[in-house]
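Enquirer: Please read through the structure below; I'll follow up with questions.
The values are calculated or read from the model by the stated rules, or taken from the named source; none is laboratory data. Everything quoted here is computed from the prediction, not taken from an experiment. All Cβ positions, glycine included, derive from the backbone under ideal geometry; neighbour counts span all protein chains shown. Remember, those area values only see protein heavy atoms, side chains included, never the ligands or the DNA or RNA. Shrake-Rupley method; radii C 1.70, N 1.55, O 1.52, S 1.80 Å.
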Amino acid sequence: MEIQLLAEYLEFLEVEKGLSFNTIEAYRRDLGAFFEFCNVYENPQNEVERSQINSYIRDLREKRYAPSSVMRKFASLRGFFKWLCANEYAKKNPTTTLEQPRIPKRLPKVISVEEIESILNENLSEVQRLIVELLYGCGLRVSELVNLKTTDVDVAASYLRCRGKGSKERLIPVGSKAKEALANYYQKRKILVSEYNIESKNLLISDSGRFLTRQDIYNFIKERGKHLHKNISPHTLRHSFATHLLENGADLRIVQELLGHSDVSTTQLYTHISKKRLKEVYFSINKD
């Protein structure tokens, strides 16, 4: 395909839309895979037909791609062709009348307050304890967590600033346990900064003086899940944060703001979890 055209679109996503590096790379892979499938390299804006997109979606399903992956790849194509038409690179948008692939709604996985406490009762390092407190106590995404700077946290005012999807900023209250974890970690971080001559303002530093990555945090949380005999991820703690707030009477709109959801319908998924868990508790108590 025309490399310059794709590069221009990806630059648009970065500069105009403010999408993250990981999201832009996903768009690059998705679009590249589609044009390779269609064997269209020179003028994709004029050669791609609706039937080719249908064939591509069907091929993905036959290869047993997850419904969420199929939906994301379709969204990548739709966004690209919409941009082509808006900039008059193409006369038609082959995705316009296509029905969007449907994805079955799955309730997010959550763990209980007792299981959170079980993790925190382990022999964790200062940075490990802080990771759990910020993922669960503030409902952060793992990407938001690893990108935190020391200047984003105001312990005295009890809030932190994070940048979510689309580079949208939001302020999140920091509770007493998270503040305690921050205070303990800052003492350790000061030692690490001096020992390893660190000048960066990245908040999270390992005990070996290395900046923590998304994968580091995924591995750490996955290991904690093994102790609970459950397969969990950093997002499980974020889901649990939202669910426990709603179960304790928090307003849906407030939870939406805390999570950084642009659409309240996304947050409403957690109300279904709350109802489901309430039923489970009720029937476990009244099973006799």
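So that you can scan it fast, the table gives a plain yes or no per residue for (1) modelled with pLDDT of 90 or more; (2) touching a His at 6+ places or on another chain (Cβ under 7 Å); (3) at positive phi; (4) of a type outside the set (Lys, Arg):
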{"site": "Gln52", "(1), (2), (3), (4)": "no, no, no, yes"}
{"site": "Arg64", "(1), (2), (3), (4)": "no, no, yes, no"}
{"site": "Ser76", "(1), (2), (3), (4)": "yes, no, no, yes"}
{"site": "Lys105", "(1), (2), (3), (4)": "no, no, no, no"}
{"site": "Tyr136", "(1), (2), (3), (4)": "yes, no, no, yes"}
{"site": "Asn147", "(1), (2), (3), (4)": "yes, no, no, yes"}
{"site": "Val155", "(1), (2), (3), (4)": "yes, no, no, yes"}
{"site": "Ser158", "(1), (2), (3), (4)": "yes, no, yes, yes"}
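Enquirer: Further question: Find the residue count for region 1-22, including only residues that are in contact (Cβ under 8 Å) with a residue 12 or more places away in the chain, part of a helix (DSSP H, G or I) and open to solvent by 40 Å² or more (accessible area, probe 1.4 Å).
Expert: 2
Enquirer: Being exposed (fewer than 15 other Cβ atoms within 10 Å of the Cβ), without any contact (Cβ under 8 Å) to a residue 12 or more places away in the chain, out of contact with any helix residue (DSSP H, G or I) (no Cβ under 6 Å at 6 or more places or on another chain) and of a type outside the set (Val, Ile, Thr): is that true of Glu122 here? Lay out the reasoning, then the answer.
Expert: Details: exposed (fewer than 15 other Cβ atoms within 10 Å of the Cβ): yes; without any contact (Cβ under 8 Å) to a residue 12 or more places away in the chain: no; out of contact with any helix residue (DSSP H, G or I) (no Cβ under 6 Å at 6 or more places or on another chain): yes; of a type outside the set (Val, Ile, Thr): yes.
The answer is no for Glu122.
Enquirer: Here's a follow-up. Can you tell me which residue is surrounded by the most Cβ atoms within 10 Å (Cβ to Cβ) among those in region 181-202 that are among the polar types (S, T, N, Q) and part of a helix (DSSP H, G or I)?
Expert: The residue in question is Asn184.
Enquirer: Quick one: would you say Val113 is farther than 17 Å from Asn202 by Cα and either touching a Lys or Arg at 6+ places or on another chain (Cβ under 6 Å) or open to solvent by 20 Å² or more (accessible area, probe 1.4 Å) (or both)?
Expert: yes
Enquirer: Among Leu98, Leu145, Leu140, Leu135, which is the only one that is surrounded by 17 or more Cβ atoms within 10 Å (Cβ to Cβ) and either outside any helix (DSSP H, G or I) or over 22 Å from the mean Cα position of the chain (by Cα) (or both)?
Expert: Details: Leu98 fails: surrounded by 17 or more Cβ atoms within 10 Å (Cβ to Cβ); Leu145 fails: either outside any helix (DSSP H, G or I) or over 22 Å from the mean Cα position of the chain (by Cα) (or both); Leu135 fails: either outside any helix (DSSP H, G or I) or over 22 Å from the mean Cα position of the chain (by Cα) (or both).
Exactly one of Leu98, Leu145, Leu140, Leu135 is surrounded by 17 or more Cβ atoms within 10 Å (Cβ to Cβ) and either outside any helix (DSSP H, G or I) or over 22 Å from the mean Cα position of the chain (by Cα) (or both), namely Leu140.
Enquirer: Of the numbered conditions (1) loosely packed, with under 14 Cβ neighbours inside 10 Å; (2) over 30 Å from Asp154 (Cα atoms); (3) modelled with pLDDT under 95, Lys226 satisfies every one except a single condition; which is it?
Expert: Every condition holds for Lys226 apart from (3).
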